[in-house]
Amino acid sequence: MLRKSLLTVVLLLAAPTAFAEGSQLYDPSIKHMPKDGIVKLYGAGGPDTAFRKVADVWQQKTGQKVEIIAGPEKTWSLKAQADADILWGTSEQSMTAFLETYKTFSSDQVNPIYIRPTIIAVKKGNPKGISGFEDLLAPGIKIVVTEGAGVDNTSGTGTWEDVAGRLGRLSDIEAFRKNIVSFAKGSGASYKAFLSQDADAWITWPNWPVTKSADLEKVALALERTVWRDVNVAQSPDADPAAQAFLDYLLTEEAQKIMSTEGWLR
């Protein structure tokens, strides 16, 4: 009994330190040294496909190398803590979470650069004939939603609830929730769940039906149902000099045309 009590005290004393450290991914032993002649951007999957298109054009113009490293944060976090020139957040809440881990970056460095709307992704050919949100409330419709579940940093966290609750009707959320077959941790996991669960609909972003057009088709949400979230960037104060030049190019008319092919707007 005494041993259990002592263990409880130790855990309680340790807890404030753990929370003060921020993310469990944070490693204070890593020194941030991004100046290596390569502009490196890190972030969650989604914007990376459009960013790569922009980076390819910029590299051809300038000869400066750009690397886009994307995916679940745990796959690149330690490397980013060492050499990230730029972080991108797939929403404001995502970037706020990143700043708990990447201590070189700060909130006043964050710049929203593009925005996109929530959409419904359906099976190629739309066999259920889904045309809008109300169709998702019908019994038997199988829906995938993206959630961080308190352990994963993803732009999709809370979007389905915001869409379902936009008109202030609890019954919409209740009916929608009954049809959810997967609360997937991240958009990549949601796409896999959509296929494995043979789902009918997925509340997601416009880039997914574009980049996965063999499997998905886009259905727009009515304006009163649509939720918008931005993609934002933060540049390290120690970044390679070319990092700012790339960010400047990312906002040009030429880059905007490229980004718009996957649903990113300014």
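Within the range 80-100, being out of contact with any strand residue (DSSP E or B) (no Cβ under 7 Å at 6 or more places or on another chain) and farther than 17 Å from Pro47 by Cα holds for Gln81, Ala82, Thr96, Ala97, Leu99, Glu100.
Put simply, of Ala201, Ala245 the only residue that is farther than 13 Å from Ile120 by Cα and of a type in the set (Gly, Ala, Ser) is Ala245. Can you confirm whether Ile258 is closer than 16 Å to Tyr114 by Cα, of a type in the set (Val, Ile, Thr) and buried (at least 16 other Cβ atoms within 10 Å of the Cβ)? Yes; evaluated as a whole, the condition is true for this residue.
Here are the criteria: (1) over 19 Å from Thr261 (Cβ atoms); (2) small (Gly, Ala, Ser); (3) in contact with a strand residue (DSSP E or B) (Cβ under 7 Å, 6 or more places away or on another chain). Tell me which single one Gly37 does not satisfy. All conditions pass for Gly37, except number (3). When Arg266 is tested against the conditions (1) surrounded by fewer than 14 Cβ atoms within 10 Å (Cβ to Cβ); (2) under 20 Å from the mean Cα position of the chain (by Cα); (3) at positive phi, the lone failure is (3).
Among the residues here, Lys124 qualifies as assigned by TED's automatic domain parsing to the domain that holds Thr204 and surrounded by fewer than 15 Cβ atoms within 10 Å (Cβ to Cβ). It is to be established whether one or more residues within the range 191-214 are assigned to a strand (DSSP E or B), in contact with a Phe, Trp or Tyr (Cβ under 8 Å, 6 or more places away or on another chain) and either over 26 Å from Thr101 (Cβ atoms) or not hydroxyl-bearing (Ser, Thr, Tyr) (or both). Yes, because at least one residue in the range 191-214 is assigned to a strand (DSSP E or B), in contact with a Phe, Trp or Tyr (Cβ under 8 Å, 6 or more places away or on another chain) and either over 26 Å from Thr101 (Cβ atoms) or not hydroxyl-bearing (Ser, Thr, Tyr) (or both).
Yes/no matrix, rows are residues, columns are (1) under 22 Å from Phe133 (Cβ atoms); (2) surrounded by 15 or more Cβ atoms within 10 Å (Cβ to Cβ); (3) in contact (Cβ under 8 Å) with a residue 60 or more places away in the chain:
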position: Asp152; (1), (2), (3): no, yes, yes
position: Ser155; (1), (2), (3): yes, yes, yes
position: Arg166; (1), (2), (3): yes, yes, yes
position: Asp172; (1), (2), (3): yes, yes, no
position: Asn179; (1), (2), (3): yes, yes, no
position: Ser190; (1), (2), (3): yes, yes, no
position: Ala193; (1), (2), (3): yes, yes, no
position: Asp240; (1), (2), (3): no, yes, yes
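When Ala55 is tested against (1) under 21 Å from Lys257 (Cα atoms); (2) aliphatic (A, V, I, L, M); (3) touching a Gly at 6+ places or on another chain (Cβ under 9 Å); (4) part of a helix (DSSP H, G or I), only condition (3) is not met. Number of residues in the range 55-85 that are under 20 Å from Gln109 (Cβ atoms), more than 18 Å from the chain's Cα centre (by Cα) and either touching a residue at least 40 places away in the same chain (Cβ under 8 Å) or crowded, with 16+ Cβ neighbours inside 10 Å (or both): the value is 5. Within the range 144-172, the set of residues being assigned to a helix (DSSP H, G or I) and not charged (D, E, K, R) comprises Thr159, Trp160, Val163, Ala164, Gly165, Leu170, Ser171.
The values are calculated or read from the model by the stated rules, or taken from the named source; none is laboratory data. This is a predicted model, so every value here is computed, not measured. Ideal geometry is used to build each Cβ from the backbone, glycine not excepted, and the neighbour counts take in all protein chains shown.
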